[in-house]
């Protein structure tokens with residue numbers, strides 16, 4: 001289980017927190033919020049990429065922000081920018097590099113990693129060119145390669161920050177199916193997105209942030225199912241605005 | 001258009017003065033800078049008049065030519081700096097292209113503030129230079145023509161260097177390479193011109209090398225007669241022509257930043273092959289590749305010169321040649337860290353530890369240095385009778401140079417699009433390295449001890465870059481688990 005307790009982050013004038021959330025193993029948490037509400041900040045602080053001013057984040061009892069290799073080897077992360085890639089590598093080279101990094105962190109070999117990567121690529125419609133670096137690919141294709149890179153280490157916990165940016169509608173549907181498959185395989189997924197319909201279809205739980213504060217933390221079923229998600233999110237945001 | 005220009009000027013000011021400052025504070029810095037600059041310019045004029053007024057020594061005829069050379073170099077440097085100061089990220093062009101503006105208007109908005117700023121700085125040089133020439137006995141009109149001609153010729157050299165580099169390296173892929181190429185071209189043109197000018201001054205006959213213009217310019221100033229109007233006109237026309245050529249070459253530059261095809265592929269094997277992967281990555285990155293190729297070419301050129309020199313002279317120049325090759329071969333290493341963002345490089349985001357990454361980087365750096373240096377060193381050292389000592393001397397120099405470059409690159413990484421920062425960092429790192437090499441040489445330690453000191457510095461640099469990066473990443477350093485079961489049982 002991923003447990004986030006009393007997490008606080010201070011970035012200049014922006015403050016995130018307190019954030020308290022539990023995500024069950026094998027569940028999908030959809031992070032929702034207006035622009036600048038703190039979704040990426042939350043993910044980055046949990047991963048130890050941003051300093052916390054307080055609080056903890058544990059994955060099966062192990063602190064995530066400490067970035068111990070044995071914990072990181074069970075976590076995959078896709079950032080919200082396609083600049084966070086090794087752009088001079090081809091997609092296959094990038095995945096190979098990610099594989100070696102994962103193997104080193106976990107002290108174990110991942111012999112099927114590339115086979116899985118190619119399967120994912122075929123699933124989400126990413127053409128693999130052996131002579132084109134990632135910098136020569138379109139935004140959508142480089143994002144797909146980035147997503148597969150996050151999956152290379154066979155992670156149990158996956159953080160996806162705006163993973164649908166730049167994807168065409170067919171690719172977006174394919175990625176959605178991939179998320180459903182990953183959930184069925186028992187992986188825990190934390191995905192930030194602006195698409196409430198998608199969140200309703202895929203997520204088990206939603207965490208709505210507004211201006212650094214948690215406006216709503218609930219399971220989708222408690223909100224009355226995916227059909228009532230948008231209304232609940234809107235109401236929570238209105239309440240949060242009124243409180244501010 | 002005026003408001004756009006004001007906005008672009010404000011952006012430039014923000015870049016020059018430091019972005020966090022408020023607008024009023026930036027403007028107050030600008031006002032203070034203008035007042036200080038004017039004061040210095042006027043003060044220098046008065047000082048030049050007083051200092052040179054009574055100067056009638058035997059070498060007084062050399063002062064105007066020297067002044068012409070300094071003015072030309074300063075003007076050329078200002079033109080070259082324009083490339084460094086302007087926004088090369090393409091973000092300004094990108095934002096402007098969303099507005100209903102033609103390419104010419106966009107170019108004006110991007111370049112006008114830069115040109116104005118540098119022209120302003122250039123103008124400050126004029127009054128002291130004219131005062132000095134007048135004080136040295138030139139009539140006022142002649143002094144003005146001499147100064148204008150010198151500045152124009154400097155603009156011509158700088159402009160041509162920039163235009164040629166923009167024309168040859170048009171693709172956006174070469175954004176990071178264009179500036180050093182222009183800089184090198186300008187240095188070569190300047191050195192050739194000054195060399196021939198000094199020769200012409202000694203012979204008092206510029207006829208043979210008149211096409212270079214600078215020999216004509218300085219011999220005319222040295223004569224002390226009225227500076228000719230046609231030569232002034234020629235310099236002004238050359239400067240305007242170079243600027244026009246530059247404007248033409250800029251209009252099509254940097255249009256596409258997309259990478260070409262990959263020729264040499266990497267097939268992953270074990271952990272060791274990550275070093276190959278990192279090395280290959282750097283060789284695909286245009287800026288680092290250009291740095292390595294330049295270092296390689298410098299090394300080969302030195303080797304060729306050493307072959308052509310008489311054996312006795314070659315033996316005397318052996319150590320400086322080895323040190324020079326070491327300095328150049330290690331220089332690309334400083335650039336490596338700037339390839340990736342200072343905060344959160346992709347390697348950190350995919351879960352790699354700082355220890356693991358810096359180890360690979362250290363090894364990749366050594367591989368790149370070896371690629372740049374080994375052929376030249378082999379060509380120089382193999383024919384030497386005292387081969388072991390030469391090899392040890394080179395090992396000490398290359399180890400120390402690489403250590404300095406690694407530490408400089410990791411402690412103060414400069415992003416590749418920061419051309420001015422790159423130049424400053426290169427000059428500083430090279431100077432410190434040269435100083436340390438000089439100290440090592442003058443320590444009278446034997447060649448084996450010097451090599452040991454160099455290798456120790458290299459090892460120490462590995463530890464230092466690891467500590468620097470681990471602190472930057474906020475890593476809790478822990479050794480990787482030895483058994484796969486450990487992971488599954490723990491989680």
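Using a Förster distance of 30 angstrom, determine the FRET efficiency expected from the C-beta separation of residue A:56 and residue A:218, and round it to 0.05. Before the final figure, lay out the partial values.
Working: r = 22 Å, r/R0 = 0.73.
Once rounded, the FRET efficiency stands at 0.85.
Does the stretch B:58-473 classify as rounded, prolate or oblate by the C-alpha gyration tensor (a ≥ b ≥ c root eigenvalues; a/c under 1.5 gives rounded; else a/b over b/c gives prolate, otherwise oblate)?
On the way: a/c = 2.35, a/b = 1.37, b/c = 1.72.
Oblate.
Run lengths n ≥ 4 of DSSP H only: what is the helix-derived mean residue ellipticity at 222 nm for chain A, with -39500 (n - 2.57) per run over all residues, to the nearest 500?
Estimated from H runs of four or more residues: -11500 deg cm²/dmol.
Points 7 angstrom from Cα along the Cβ direction at residue B:304 and residue A:109: gap in nanometres?
4.8
How well do other chains shield peptide B:339-347, expressed as the mean number of their Cβ atoms within 10 Å of each residue Cβ?
Numbers: counts 3, 2, 2, 0, 2, 6, 2, 12, 4.
Neighbouring Cβ atoms belonging to other protein chains average 4 per residue here.
Based on the mean of other Cβ atoms within 10 Å per residue, sort peptides B:237-249, B:390-402 so the most packed one is first.
Working: B:237-249: 17.4, B:390-402: 25.0.
With the highest mean Cβ count within 10 Å placed first, the list reads B:390-402, B:237-249.
Please list B:149-162, A:98-111, A:161-174 highest first by mean number of surrounding beta-carbon atoms within 10 Å per residue.
Values: B:149-162: 27.6, A:98-111: 21.3, A:161-174: 17.1.
The most tightly packed comes first, giving B:149-162, A:98-111, A:161-174.
Which parts of the stretch A:107-139 would a label at residue A:66 reach, counting a residue when its backbone N lies under 19 Å from a point 7 Å out along Cα-to-Cβ?
A:107
Provide a whole-number value for the mean count of partner chain Cβ atoms within 10 Å of the Cβ atoms in peptide B:278-286. Numbers along the way, then the final one.
Numbers: counts 2, 0, 3, 7, 1, 1, 6, 4, 1.
Average per residue, whole number: 3.
How many partner chain Cβ atoms sit within 10 Å of a residue's Cβ in peptide A:123-135, on average, as a whole number? All intermediate terms of the calculation are to be shown ahead of the outcome.
Values: counts 0, 0, 0, 0, 0, 0, 2, 3, 5, 5, 8, 1, 7.
Whole-number average of other-chain Cβ neighbours for A:123-135 is 2.
Compute the Cα gyration tensor for the stretch B:413-479, then decide on rounded, prolate or oblate, letting a ≥ b ≥ c be the square roots of its eigenvalues: rounded whenever a/c is under 1.5, prolate when a/b is larger than b/c in the other cases, and oblate in all that remain. Each step should come with its number before you reach the end.
Numbers: a/c = 4.30, a/b = 1.26, b/c = 3.41.
The shape class here is oblate.
Using a 7 Å offset from the Cα along the Cα-to-Cβ direction at both residue B:315 and residue B:203, what is the distance between the two label points in nm, to one decimal?
3.5
Once fully extended, how much extra length lies between residue A:83 and residue A:169, figured as 0.36 nm per residue of separation less the alpha-carbon to alpha-carbon distance? Walk me through the intermediate numbers first.
On the way: separation 86, 0.36 × 86 = 30.96 nm, distance 2.20 nm.
Gain on stretching residue A:83 to residue A:169: 28.8 nm.
Sorted by mean Cβ packing within 10 Å, highest first, what order do the peptides B:309-315, B:230-236, A:132-138 take?
A:132-138, B:230-236, B:309-315
If you take the square roots of the eigenvalues of the alpha-carbon gyration tensor of the protein assembly as shown and sort them as a ≥ b ≥ c, do you get rounded (a/c under 1.5), prolate (a/b over b/c) or oblate? Numbers along the way, then the final one.
On the way: a/c = 2.51, a/b = 1.65, b/c = 1.52.
Cα axes put the protein assembly as shown in the prolate bin.
First measure r as the distance between the Cβ atoms of residue B:184 and residue A:122, then evaluate 1/(1 + (r/R0)^6) with R0 = 60 Å and state the FRET efficiency to the nearest 0.05.
Numbers: r = 48 Å, r/R0 = 0.79.
In this case the efficiency is close to 0.80.
All of the numbers you see were taken from the coordinates with simple rules; none came from a lab. Please read these numbers as outputs of a predicted model, since none were measured by experiment. Cβ atoms come from the backbone with ideal geometry, glycine included; neighbour counts cover every protein chain shown.
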